[in-house]
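Following: one structure in structure tokens, then a few remarks.
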Amino acid sequence: MSSSFRTLMSSGVKVKLLFFAKARELVGVTETGLVVPNGLYTQKKLLSIIVETFPVLCSIQGNFIVALNEECMDQSQSIELKEGDQLAVIPPLSGG
Amino acid sequence: MMGLQEEEFQMPNFKQLLEEKDSEIMRLKTLLTKYVPKSELDQMSNSHPSTKIAASTATLESPENLCSQLSKEDVARYSRQLILPDFGVGGQQKLKKASVLIVGAGGLGCPAAIYLAAAGVGTIGVVDYDSVELSNLHRQILHKEHGVGTPKSLSIILAVSSLNSSVKCVSHHVLLKSNNAEEVISQYDIIIDATDNVASRYLLNDACVLLKKPLISGSALRFEGQLTVYNFDGGPCYRCIHPSPPPPETVTNCSDGGVLGVVPGTIGCLQALEAIKIAAGLGSSFSGKLLLFDGKEGSFRKITLRSKQKTCSLCGDNPVISKLIDYEQFCGASPTDKTETLHLLDDCSRLTCQEYKQLKEDSSPHLLIDVRPPEEVAICRLPNSVNVPFSKVEDPIEVEKIRNYIQKLDNKNKQVFFICRRGNNSQRAVQLLEPKLADLNVILRDIRGGIQAWAEEVDTAFPIY
Ligand SMILES: [Zn+2]
């Protein structure tokens, strides 16, 4: 976790991050907690926070979707994260 | 009604009852068509299965014709789904007229095919270019031991026809590509993506958008499965959700990542279910939705996807893709799930299995590092090898371990060899470790083709997985 986030941990919102498919393989866990600063978030900003916190996801940046409480956001939408919100990092699976 | 008259001796009361109900339905139908506009009538027939028959008889000359479309045998075979509210005779007849194409006769395609056949889908097409291998049988459940080496599409046809001989099953023993996909796909109403690679997924998506076909897409790896219905009912296409393919080196296939057979089995069954619902006019539960199945956790999550994108390069307002493209080029990977063979090292940094065998026979002192994951090492390994998994090869603790091993070797002849499953990671390991071990004056080399080549070229009793 980058230092800029660690310093904000006390004043932020704690959300749950869920990893699927390749993201799970790269990060090495199924889920984890993450504290993010209060404020409004766009899809783009959420994506960059996730990749900044887990740089190992860089290799698939742009190839996964992020769902907030099981719903994908529209690009223009801004939302405020609440305590306990679930953010799912979902790359496509291609095997069969 | 003809079909029922045949059973008159068994159930005279039912016959009379049915005739009464029929005339009642006809009377109501006449009233409805007189007083209710046709559009509203269609809507009613969709939401109320009981009025569906009445409405559909309006287009037929007499009620007798309706029953004659399902034979006595069909009625008996499909009775449990015929009496199902929301499905019924109308659904069965639609299934019988429907044609579904399954692309991929593997872990997803097998269960999908057999359930579609069981349900009575009129025509099932199967596309696959592969032959059955022993390593397929744990998940591709329609293939048989005695069928190893024979075309996969053929074993599906055999299984389907022995379950339901009234289903027309067509084998397409081709590798689906840009130049033949539209010809095959255009013959079918509904397409099931049961493939195992990225290039085929984009190809199928593009062809289905161009030909206006619903695409039921399933995938599976390890304990996880995914399912979405694309290009249906105003929903998004695959490119709306995933505009660009992942870098090929980040894509894990079943051969490298592993998969538990029941996982694609579960997704394949759900693909069949969606195909049946779409064919029967019941719509789909996964248009614009993504099912995430986690077999280890036992969880099903349903994610709402972004809607169809105006900016989509294929189905958007200003599409730039108007015909199929080169998907191998677009994805940087061939339309198979085979692992590509890399050539990262110079020939002088590589050793063949035969050369390594000779070196062992000469008792030449050396260190053999097996960089496969411990799960694979547990299956089979070469004697006197040490295991440093590739994922940890740069870990300072592991590097120190390797340094210690090397320092124990005979001073004059410090040879270090790396081996993996197929000879790709062993080359990568040499590249990663060369700078870290440069001070030790050692030669790092990899064994070409890995454990698999050893099994094929040196020790044929050695297992291949
Ligand atoms: Zn689209």
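The values are calculated or read from the model by the stated rules, or taken from the named source; none is laboratory data. In this text the structure is predicted, and so the values were computed from the model without any measurement. Backbone-built Cβ (ideal geometry, glycine too); neighbour counts: all protein chains shown. In case anyone asks, the SASA skips ligands and DNA or RNA and just uses the protein heavy atoms, side chains included. Shrake-Rupley method; radii C 1.70, N 1.55, O 1.52, S 1.80 Å.
Computed from point charges on the beta carbon alone (+1 for Lys and Arg, -1 for Asp and Glu), the dipole magnitude for region B:320-465 about its Cα centre is near 240 Debye.
Overall shape: oblate for region B:203-295, with the ratio a/c of the largest to smallest alpha carbon gyration tensor axis at 1.5 or above and b/c at least equal to a/b.
Summarised as an ellipsoid, region B:134-204 has semi-axes of 23, 17, 11 Å, derived from the eigenvalues of the Cα gyration tensor scaled by 5 and square-rooted, with the largest first. Considering only A:S76, A:S59, A:S11, the Gaussian network model of chain A with Cα springs below 10 Å gives its largest mean-square fluctuation to A:S76.
For B:D347, the accessible area of its heavy atoms, probed at 1.4 Å with every protein chain present, is near 110 square angstrom. Going down the list A:K82/B:K302; A:K45/A:K82; B:K96/B:K168; B:K213/B:K277, which pairs span over 18 Å between their C-alpha atoms? Those over the limit are A:K82/B:K302. Taking the C-alpha atoms only, the angle from helix B:109-119 to the longest principal axis of chain B is near 20 degrees. Give me the net charge of B:V103's neighbourhood, meaning all other residues with Cβ under 9 Å from the Cβ of B:V103; Lys, Arg count +1, Asp, Glu -1. Combined, the nearby Lys, Arg, Asp and Glu give -2. The listed residues B:E355, B:E145 rank as B:E145, B:E355 when sorted by accessible area, largest first, using a 1.4 Å probe.
I'd like the FRET efficiency for B:S255 and B:H146, computed as 1/(1 + (r/R0)^6) with the beta carbon distance as r and R0 of 25 Å, rounded to 0.05. The pair B:S255/B:H146 has a calculated efficiency of 0.60.
On the protein assembly as shown, 53 percent of the accessible area sits on carbon and sulfur atoms, based on a 1.4 Å probe. The mean sequence distance of close C-alpha pairs (under 8 Å, at least 6 residues apart), as a share of the length of region B:198-345, puts its relative contact order at 32 percent.
With 20 Å as the cut-off, how large is the P(r) tail for region A:8-96, expressed as percent of Cα-Cα pairs? In whole percent, the share of Cα-Cα pairs in region A:8-96 beyond 20 Å is 29. In sequence order, region B:292-297 has phi-based couplings of 10, 9, 10, x, 6, 8 Hz under the Karplus curve 6.51 cos²θ - 1.76 cosθ + 1.60, θ = phi - 60°, and Gly or Pro positions carry x. Electrostatic tally near B:L344: other residues with Cβ closer than 14 Å to its Cβ, Lys and Arg +1, Asp and Glu -1, net -1. Note on B:L359 and B:E457: the model spin-label points, each 7 Å out from Cα along the C-beta direction, lie 1.2 nm apart. The residue list B:G225, B:Q187, B:L18 was ranked by how far each Cα lies along the charge dipole of chain B toward its positive end, using unit charges on Cβ atoms, and B:L18 comes out on top. Once a ≥ b ≥ c are taken as the square roots of the eigenvalues of the Cα gyration tensor of region B:409-465, is the result rounded (a/c under 1.5), prolate (a/b larger than b/c) or oblate (a/b not larger than b/c)? Verdict is oblate for region B:409-465.
Taking every Cα-Cα distance in region B:250-323 and sorting them into 10 Å bins starting at zero, the pair-distance distribution P(r) comes out as 15, 30, 36, 18, 1 percent. Per residue, region B:162-250 exposes an accessible area of 35 Å² to a 1.4 Å probe, with every protein chain left in place.
The interface between chain B and chain A buries about 2600 Å² of solvent-accessible area in total (1.4 Å probe, ligands and nucleic acids excluded).
If you run the Gaussian network model on chain A, springs between alpha carbon atoms under 10 Å, then out of A:Q86, A:Q75, A:Q61 the most flexible one is A:Q75.
Classify region B:315-377 as rounded, prolate or oblate from the Cα gyration tensor: take a ≥ b ≥ c as the square roots of its eigenvalues, call it rounded if a/c is under 1.5, otherwise prolate when a/b beats b/c and oblate if not. In terms of gyration-tensor shape, prolate.
The peptide list B:394-407, B:160-173, put in order of mean Cβ contacts within 10 Å with the highest first, becomes B:160-173, B:394-407. When its C-alpha radius of gyration is set against 2.2 N^0.38 Å (N residues), chain B gives a value of 1.28. Partner shielding of B:283-295 amounts to 2, given as the average count of beta-carbon atoms from other chains within 10 Å of each residue beta-carbon.
Would you calculate, for the protein assembly as shown, the mean residue ellipticity at 222 nm contributed by helices, counting each DSSP H stretch of 4 or more residues as -39,500 (n - 2.57) and dividing by all residues, to the nearest 500? Counting only the DSSP helices, I get -10500 deg cm²/dmol. Tell me, what does the Kirkwood hydrodynamic radius of the protein assembly as shown come to in angstroms if you use every pair of distinct C-alpha atoms? Hydrodynamic radius (Kirkwood, Cα pairs) of the protein assembly as shown is 27.1 Å.
Counting every C-alpha pair in region B:279-429, the share spaced more than 24 angstrom apart comes to 60%. Shielding value for B:238-247 is 3, the average number of Cβ atoms from other chains within 10 Å of each residue's Cβ. In this structure, the amide hydrogen of B:L137, modeled 1.01 Å from its nitrogen in the peptide plane, lies closer than 5 angstrom to no residue at least 5 positions away or on a different chain. Phi-derived couplings, Karplus 6.51 cos²θ - 1.76 cosθ + 1.60 at θ = phi - 60°, listed residue by residue for region A:73-82: 8, 7, 4, 7, 5, 10, 10, 9, 7, 10 Hz, with x used for Gly and Pro. Rounded to whole numbers, the Karplus 3J(HN,Hα) couplings from phi for region B:254-271 are 5, 5, 8, x, x, 7, 8, x, 5, 5, x, x, 5, 5, x, 4, 5, 5 Hz, using 6.51 cos²θ - 1.76 cosθ + 1.60 with θ = phi - 60°, and x at Gly and Pro. Counting Cβ atoms of other protein chains within 10 Å of each Cβ in B:219-226 and taking the mean gives 5.
Sum up the charges of everything whose Cβ sits under 12 Å from the Cβ of B:T266, counting Lys and Arg as +1 and Asp and Glu as -1, but leave B:T266 out. Residues near B:T266 contribute -1 overall.
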